[in-house]
Amino acid sequence: MTAETITADASGTWRLGDLPVHRIGFGAMRLTGSAAFHHGTPSDRARSLTVLRRAVELGVNHIDTAAFYFSSLRSANELINTALAPYPDGLVVATKVGPYRDLSGEWGTSARPDQLRGHVEENLRQLGRDHLDVVYLRRMRQDSIAEHFGALAELREAGLVRHLGISAVEPRHLAEALAIAPVVSVQNRYALDRSDPAADEVLRLCGERGIAFVPYYAVAGPTGEKGATSAHDEAVLSVARAHGVSPAQIRIAWTLHQGPHVLAIPGTGDPGHLAENVAAGALRLTGEELARLNASRPQAD
């Protein structure tokens with residue numbers, strides 16, 4: 001069986017509230033530029049549309065995006081709308097609010113709570129939707145997220161948003177949000193070669209509460225938004241050789257092995273890489289392989 005014939009259902013399924021999704025999804029950020037959504041040369045438009053359509057053909061039913069994912073010539077939301085509308089039944093599109101950029105691409109400070117409705121409505125307009133399936137509040141270094149999350153909870157009650165998530169948070173922020181409204185998903189930076197005890201604790205808490213944990217930059221590692229890392233520990237390389245797959249696929253597989261509630265949203269603008277990412281959901285690592293990979297993780301300071 002080749003990567004091209006493996007579909008996302010091989011990764012298993014989790015529910016975002018009442019919405020079932022395959023555990024391998026797709027992150028749209030990299031569709032807007034070669035290096036990151038606000039740097040680099042915009043990717044080829046036709047290829048980006050092909051990648052989105054192919055992702056759905058491969059069974060991906062969870063796409064992660066944001067209105068602030070745009071470059072000089074590309075908007076992730078517009079590409080998703082163009083490629084996939086009318087949206088197939090069962091496709092879950094998650095977006096996030098909190099950060100924002102002006103039309104020139106410059107970042108502003110975090111949105112105020114009273115601005116979040118406008119940001120939700122902008123995502124609705126760009127995606128051509130009458131409601132958003134999942135909206136994350138992306139924390140921007142606020143000590144408390146209560147006021148911002150409360151504003152999104154009001155939009156959920158008004159029917160603009162179906163489910164809520166939070167991003168870039170510590171355990172105390174999860175408790176703060178849960179006191180206001182249900183949380184179906186938490187999106188934090190998390191990777192094999194990145195040590196973060198707070199993220200480990202959030203992952204554990206989410207598992208206890210049946211909340212999805214969605215790592216970002218899981219394949220990028222230390223390189224972050226610049227793209228997939230090319231620096232792989234020998235443990236990753238040896239496991240990849242044993243399975244006859246790429247190191248990136250092992251990193252995705254390791255991520256999914258962290259718990260049944262963990263979802264992966266690797267992004268790419270390359271159809272070949274897309275098929276490999278989806279196929280990583282079918283990889284099953286042995287206990288010895290997981291122990292070797294875990295032993296390679298950096299220790300917290």
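Laid out as a table, the results:
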| quantity | calculated |
| --- | --- |
| Share of Cα-Cα pairs in the range 152-294 lying beyond 25 Å, as whole percent | 32 percent |
| Val161 long-range amide H proximity, modeled H, under 5 Å | Leu132, Arg156 |
| Whole-number percent relative contact order across the chain, with pairs defined as alpha carbons under 8 Å at least 6 apart | 21 percent |
| Stokes-Einstein D for the chain, Kirkwood Rh over Cα pairs, 4 °C, 1.567 mPa s (µm²/s) | 67 µm²/s |
| For the range 108-201, the Rg and Dmax computed from alpha carbons only, in angstrom | 13.7, 41 |
| Charge dipole magnitude, Cβ of K and R +1, D and E -1 - the range 149-219, Cα centre, debye nearest 20 | 160 debye |
| Hz values of 3J(HN,Hα) by residue in the range 119-126 - Karplus curve (6.51, -1.76, 1.60), Gly and Pro given as x | 6, 5, 5, 5, 4, 4, 5, 5 |
| Dipole magnitude (debye, nearest 20) for the chain, charges at Cβ of Lys, Arg, Asp, Glu | 280 debye |
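The numbers here are math on the coordinates, done by the rules we state, and not lab data. Just so it is clear, the model here is predicted, and its values are computed rather than measured. Please note: Cβ atoms are built from the backbone with ideal geometry, for glycine as well, and neighbour counts cover all protein chains shown.
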